[in-house]
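Everything on this sheet refers to the single structure shown next.
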Number of protein chains: 2
Amino acid sequence: MPEVLTASASFSPLYQQIKALILASLQAAEWLPGALIPSEMELAARFSVSQGTVRKAIDELAAQNLLVRRQGKGTFVATHNEEDRQYRFLHLVPDEGQKFPLISQFLACKKIKANTTDAHLLKLKAGDALIKVNRVQSFAGKPIVFEEILLPATRFKELDLTMLTEWSGPVYALYETRFATHMVRAEEKIKATAIDESLSTYLHLPVGHPVLLVERLAFTYGNKPVEIRRARYDTTQQHYQNMLN
Amino acid sequence: MPEVLTASASFSPLYQQIKALILASLQAAEWLPGALIPSEMELAARFSVSQGTVRKAIDELAAQNLLVRRQGKGTFVATHNEEDRQYRFLHLVPDEGQKFPLISQFLACKKIKANTTDAHLLKLKAGDALIKVNRVQSFAGKPIVFEEILLPATRFKELDLTMLTEWSGPVYALYETRFATHMVRAEEKIKATAIDESLSTYLHLPVGHPVLLVERLAFTYGNKPVEIRRARYDTTQQHYQNMLN
DNA sequence: CAGTGGTCTAGACCACACT
DNA sequence: GTGTGGTCTAGACCACTGC
């Protein structure tokens, strides 16, 4: 019987408690994204449970994409700094042909004050400082996506246009390496809207043309919301893809 | 060592083989949707493996929503004939307030011939007979969704407007009870489009108004595509919701 | 080779549902 | 109480990785 645990915890399966402990270590940045965590045997010893119990805890964390298991190597903290994980949150695919890489162009990065809606989404107070980033993503010269990104200024203080421009790779990888913030999950709300005048210029589409409005709220560890992203997708030759299970 | 299995199967983990066997029983309709399957102990005996191995197989099938475990009761075949599973594939939610029930009105149900696109999606030949169903779904008198549903006529032969009208409940539940066809998963492609004249009447929106076009391809057991659904969602006061993990 | 995760087993006990 | 799935353990062996 593992004393350390039974002492403090109210009843729940042992592996759930282990899961919570590992989660706490992730949240406390004890192991950074991409890093190797201790082996199942070591964790079992540390928590005074059997390997099978640790295994079940890790299984669930791996199923939630928080950990990645690699046979023969070990278990690693999930990261957005890897090939296969790059487009985990981007569901836009071309109607015909392969999934292509989009070229990013950052347009602006300013400090603004949060309105009530955005403050509420990010669990801040209205008027709190935010950083607003605008970018366009294109393929073969044709702009496809226009995005507005909103971030709490406290966490992303040093972010500026230079840093964004010099970064090659996904924005979520930048958040990880420069702001110790790993995105765990996101919620998206999708609508069809008509494009307005200012967006018309960016996306090279006539005013009133239908575009997909994708509002995303992204969360780090502990269900903490840290990014709002409002994007317009030109779905003339591509579409938003979703798998239902 | 389980002889029955090692004899025929090429190498793969035992629990994967068990999984395949259970899947085969599902596909062969040995156990119908909603039915209780044999207990883990019985299956373990039947396949000459340990309970733990059957358990792991069932775990994965439950994770894919093919089976449902109920502690103290047993394991059941997943079905669309149940409260919590009703809206498994409908991601439309109101911007404000609770998820509300939509009222279905079926407009038509005719036999047509498949064009090349639809034939290809359903893995049929161009010209093969399809059944085309049209319906509108409304809330508080306001039409929200217009759908066109395409089904292979062979599998859904007896389907007609009367059957649809008299059925209360999800269409996928009708497929199960009347056509022994359980929908396992689906793929959706989403675009923003302008509404045309005919749809304008159904959705009570001006011509050219942006709507969400949702094209769904739904599959039964064995990855067999059996339904195409092309829907238009009025996203003025509701949105398509998606969770990214 | 040693160390990692992956599979499989057997047995004990717990939590829950029905009767 | 009996039977179901759910948890936990301990130990054996396999498959993969890298030294």
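The values are calculated or read from the model by the stated rules, or taken from the named source; none is laboratory data. Since the model is a prediction, treat every value here as computed from it, not as a measurement. Every residue, glycine as well, gets a Cβ built from its backbone with ideal geometry; the counts of neighbours run over all protein chains shown.
Of everything in the stretch B:172-199 that's closer than 21 Å to B:Asn65 by Cβ and polar (S, T, N, Q), which residue is nearest to the other protein chains (Cβ to nearest Cβ)?
Among those residues, the one meeting the criterion is B:Thr181.
I need the full set of residues from the stretch B:212-235 which are at the interface with chain A (Cβ under 8 Å from one of its Cβ atoms) and assigned to a loop (DSSP other than H, G, I, E, B), in order please.
Across the stretch B:212-235, the qualifying residue is only B:Thr235.
Considering only residues that are of a type in the set (Ser, Thr, Tyr), in contact (Cβ under 8 Å) with a residue 12 or more places away in the chain and assigned to a loop (DSSP other than H, G, I, E, B), which ones fall in the stretch B:136-186?
Correct list: B:Thr154, B:Thr181.
Given (1) within 13 Å of DNA strand C (Cβ to nearest atom); (2) modelled with pLDDT under 95, identify the lone condition not met by A:Ala7.
It is condition (1) that A:Ala7 fails.
State which residue is nearest to A:Ala24 (Cα to Cα) when the search covers only the stretch A:54-63 and only residues that are surrounded by 14 or more Cβ atoms within 10 Å (Cβ to Cβ) and within 14 Å of chain B (Cβ to nearest Cβ). Outline the logic, then answer.
If we filter the stretch A:54-63 for residues that are surrounded by 14 or more Cβ atoms within 10 Å (Cβ to Cβ), which is where we start, we get A:54-62.
Those still in the list that are within 14 Å of chain B (Cβ to nearest Cβ) too: A:55-56, A:59-62.
Details: A:Arg55: 17, A:Lys56: 17, A:Asp59: 16, A:Glu60: 15, A:Leu61: 12, A:Ala62: 15 Å.
Only one residue fits best here, namely A:Leu61.
Here are some conditions: (1) assigned to a strand (DSSP E or B); (2) closer than 26 Å to B:Leu66 by Cα; (3) not β-branched (Val, Ile, Thr). B:Phe106 meets all but one. Which one does it not meet?
Of (1) assigned to a strand (DSSP E or B); (2) closer than 26 Å to B:Leu66 by Cα; (3) not β-branched (Val, Ile, Thr), only one is false for B:Phe106: (2).
With the requirement that a residue be within 20 Å of A:Asn134 (Cα to Cα) and facing chain B (nearest Cβ under 7 Å), what does the stretch A:200-211 give you?
The answer is A:Val211, and nothing else.
Give A:Phe146, A:Phe100 a once-over and let me know the one that is surrounded by 14 or more Cβ atoms within 10 Å (Cβ to Cβ) and out of contact with any Asp or Glu (no Cβ under 7 Å at 6 or more places or on another chain).
Answer to the check: A:Phe146.
Kindly provide the set of residues from the stretch B:72-86 that are in a loop (DSSP other than H, G, I, E, B) and either in contact (Cβ under 8 Å) with a residue 24 or more places away in the chain or among the polar types (S, T, N, Q) (or both), ordered by number.
Across the stretch B:72-86, the qualifying residues are B:Lys73, B:Ala78, B:Thr79, B:His80, B:Asn81, B:Glu82, B:Gln86.
Please state which of the following conditions B:Arg69 fails to meet, knowing it meets all the rest: (1) away from chain A (no Cβ under 14 Å); (2) under 23 Å from A:Ile190 (Cβ atoms); (3) outside any loop (DSSP other than H, G, I, E, B).
Tallying (1) away from chain A (no Cβ under 14 Å); (2) under 23 Å from A:Ile190 (Cβ atoms); (3) outside any loop (DSSP other than H, G, I, E, B), B:Arg69 fails exactly one: (2).
Could you look through the stretch A:37-69, keep only residues that are out of contact with any Lys or Arg (no Cβ under 9 Å at 6 or more places or on another chain) and within 18 Å of A:Arg88 (Cα to Cα), and pick out the one that is nearest to DNA strand C (Cβ to nearest atom)?
Of everything passing the filter in the stretch A:37-69, A:Arg69 is nearest to DNA strand C (Cβ to nearest atom).
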